[in-house]
Each structure stands twice: as C-alpha cells, then as structure tokens.
C-alpha cells in the first residue's frame, strides 16, 4: 500500500496592475513666449496626447490578443483531453490483447475482460484506487484485496472486488492517465465471499504478465497496441473462450 497522493498547492501568482502615471508639468514662464519660426511650443494636451494614444493602442492590442488566444487555448485543452482518453483506452485494450499472445493466458475458469475510461466522478487529487471506489460506488465488503504499486510512469492499483449487484469476482487494474481514469476489468466466473486458491493463482499470473514497466510508459503503448476495439473484439480466456477474430 502506498501513501495517498497529496494535492499540489502551489503559489498563487498574479501579475499586479501596472499603471502609467508619469505626467510632468512644466513651470509657468514668467512672461509669455512667442513662437519662434515654424515651431510653436506644445501645450499640456499636445505633450500627453502621443502617450495616451500609445497606451490606447497597446490596450486594444492586448484585448484582441486575449480574445484570439482564448479559443486556441480551449481548443488545445479539449484536444489534449480527447487524446488522453484515447490513449488510456488503447493502453487498457492493449493489456487485454497481450494476454492472448503466446504463451496465452489459460486460467482454469472463464475470464472476460472489460475496458472503461472515465473522466468524471472523482477529485483531481484522488489516487487510482480512491477514484475507482468513487466511480464504481464501492463499499468496504465489496473490496476483497487491494495493492498499489508504481509501474513505469504510473501509479497502478490492482483490486479484487465484487461489483454492486453482481457477486462475480472481478480483478481490476486501474490507473490515471492525465485527467482520465482507466479501468481494465477481468470478470472471473466465480462467486462467493472468498477468493479460491485457483483464482488467486490465476490473478497473480495475470498481474505478473501485465504490470511491467514497458506496458506503462506515458508516451508509448504496450506491444499489443489496442486501437479502440469493440467490446466483442476483446479476447476471452479460460474454458469456453472464443479466439479473437
């Protein structure tokens, strides 16, 4: 079990308002002066007008830049969210595909994988295990076993659970990829309040094959390389399983 992550509380940096207040007033001459040649002396309005004009142009330019850059930032953030969600799903699918590669995963009971990606229902500082509890509405009796370890570039939680309303045992692998929560579930065809020795052995084999650093690199996918497969295309394992087409 690892310590719960602490939310980052950095300094709140805000730029102060900068105001130009450099207005110099010339001393009044003792006697009025006459213009010399073609150049007449500028009055107070004439001296301040270029500065005011420059400030006005600068303000208008800043407003235009802010309006132009805001949609670009929002579009970039939206694109990053979509890309993160796609990568999280593809990683989860690739883990399922890895189990089908030789030597294939052959548990003594039927095991059906399921992939899910969530981006709501948990706090920004929630650990993978806590986020999974919130998303799946788990309570104490539904959690049978739980581990948390750092694998590659991610903190990964492995949990034996029973989903609400379903007594089947589920081995859940979950991690946070950016703002997304990836849930890779393996539904075992077993029921009851306790795990059987066969389930524990099969689950340990599954975790040993999947929880390796090369499968959890932030900028690359595992060798299986999922491509947003339909749920029906995910491989099943154990007795009665059908090979993936």
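What follows draws every value from the coordinates through simple rules; no lab data is involved. Since the structure is predicted, the reported quantities are computational estimates derived from the model, not experimental observations. Glycine also receives a Cβ, built like all others from the backbone with ideal geometry; neighbour counts cover every protein chain displayed.
Return the FRET efficiency for the residue pair residue 137, residue 220: r is the Cβ-Cβ distance, R0 is 35 Å, and the value is rounded to the nearest 0.05. Here the calculated transfer efficiency is 0.60.
Each of 234, 95 was scored by other Cβ atoms within 10 Å of its Cβ. Arranged with the fewest first, they read 234, 95.
When a footprinting reagent is the concern and you count Cβ atoms within 10 Å, what order do 120, 112 take, fewest first?
Listed from fewest to most nearby Cβ atoms, that is 120, 112.
Comparing Cα centroids, region 186-206 and region 109-125 end up 19 angstrom apart. Arranged from fewest to most other beta-carbon atoms within 10 Å of their beta carbon, 163, 99 become 163, 99. Normalised by the number of residues in region 77-233, the average gap of Cα pairs under 8 Å and 6 or more apart makes the relative contact order 32 percent. For the pair residue 150 and residue 163 in one chain, pulling the backbone fully straight at 0.36 nm per residue adds 2.2 nm over the alpha carbon distance. Residue separation of residue 189 and residue 209 scaled by 0.36 nm, minus their Cα-Cα distance, works out to 5.2 nm of gained length. Placing a pseudo-label 7 Å from each Cα along the Cα-to-Cβ vector at residue 198 and residue 60 gives an inter-label distance of 8.0 nm.
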